[in-house]
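Structure record follows, encoded as structure tokens.
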Amino acid sequence: MQRDVLVRWLDDYLKIREFKDPSLNGLQVEGKTEVRKIGVSVDAAQVIFDQAAEAQVDFLITHHGLFWGQPFAIVGYQKRRLERLFSAGISLYTAHLPLDAHPEVGNNAVLARELGLQGLEPFPHPRYGPIGFVGHFATAKPLAEVMDRIGELTGMQPLLHQGGPDEIRRVGVVSGGGAGDVGLANALGCDLYITGEPSHAHYHEPFELGLSVIYAGHYDSETFGVKALAARLEEEFGLPWVFLAHPTGL
């Protein structure tokens, strides 16, 4: 299909302009006018661009893009990154907060559904708006069972800071760097808060507030959205896609 048609569809589906986001969401680098194969990944980085070129991807969608609100010189590794995209004719499209918040293919909505959470409602981030979700289990689940399920979904062993009960009912989900929102999860009545990476500055809060936090990994908690979006594009347009993996361990 035509690149510009795909970009317009993505912009509309993801509501790409509705978020106060330091990332330059949307089409960041313009490549070939015709799209035959899509690649999706968490990060925009040299290793991913090399994988995309080798996989003959025309259109690459990442969660973390190249631009974060500050200008930078196109020298050194930044020059090499762009050279790789240009030489392979690859378009780069980024959806940061829009892909955290999306109710169908967003990182948090997909993870919440995979865990079996019901009655999803927005997790109202004070700075970025409703980018996560809060839900509940139909019946209380053992915390260990939730831990095991997250490990199955990510393929990695999550980190647990258990300040709350062994049985879990109400859960908040904010992927990526949401460690600073433990207090908000507590205020929303959560027994468990699931996010990506831990922060030393917020280490003591779960234990003092009386809830548990599962850190599923920043990278690992944000693979869900790009995969779900790619599957949606395949369903809508018949475009084949490939997930380009490069786990960071963070």
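Just so it is clear, none of the values below were taken in a lab; they were calculated from the coordinates. Everything numeric in this text was worked out from a predicted model, so none of it was measured. Backbone-built Cβ (ideal geometry, glycine too); neighbour counts: all protein chains shown.
Some notes on this structure:
- Compared with the direct C-alpha span, the chain from GLU236 to ARG127 gains 35.9 nm at full extension, assuming 0.36 nm per residue.
- Volume per residue of the C-alpha convex hull in the chain, rounded to whole Å³: 122
- Residue (of PHE72, ILE168, GLY178) at the positive-pole extreme of the chain, dipole from beta-carbon charges: PHE72
- Cα centre as origin, Lys/Arg/Asp/Glu Cβ charges: the chain dipole, Debye: 580
- With 0.36 nm allotted per residue and the present C-alpha distance subtracted, the SER87-MET156 stretch has 21.3 nm of extension available.
- Between the residues TYR203, VAL242, SER221, the greatest Cα displacement towards the positive end of the dipole of the range 190-250, with unit charges on the Cβ of Lys, Arg, Asp and Glu, is found for VAL242.
- A simple spin-label model places the labels of ASP148 and ASP4 5.4 nm from each other, with each point 7 Å out along Cα-to-Cβ.
- In degrees, nearest ten, helix 143-154 long axis to first principal axis of the chain (Cα): 10
- About the Cα centre, charge dipole magnitude for the range 142-198 (Lys/Arg +1, Asp/Glu -1 at Cβ), debye: 140
- Global geometry of the range 1-93, whether rounded, prolate or oblate, following the gyration tensor of its Cα atoms and the 1.5 cut on a/c: oblate
- Rounded to 5, percent antiparallel among DSSP beta bridges of the range 1-105: 30
- What you get for the range 60-150, charging only the Cβ of Lys and Arg (+1) and of Asp and Glu (-1), is a dipole of about 440 debye around the Cα centre.
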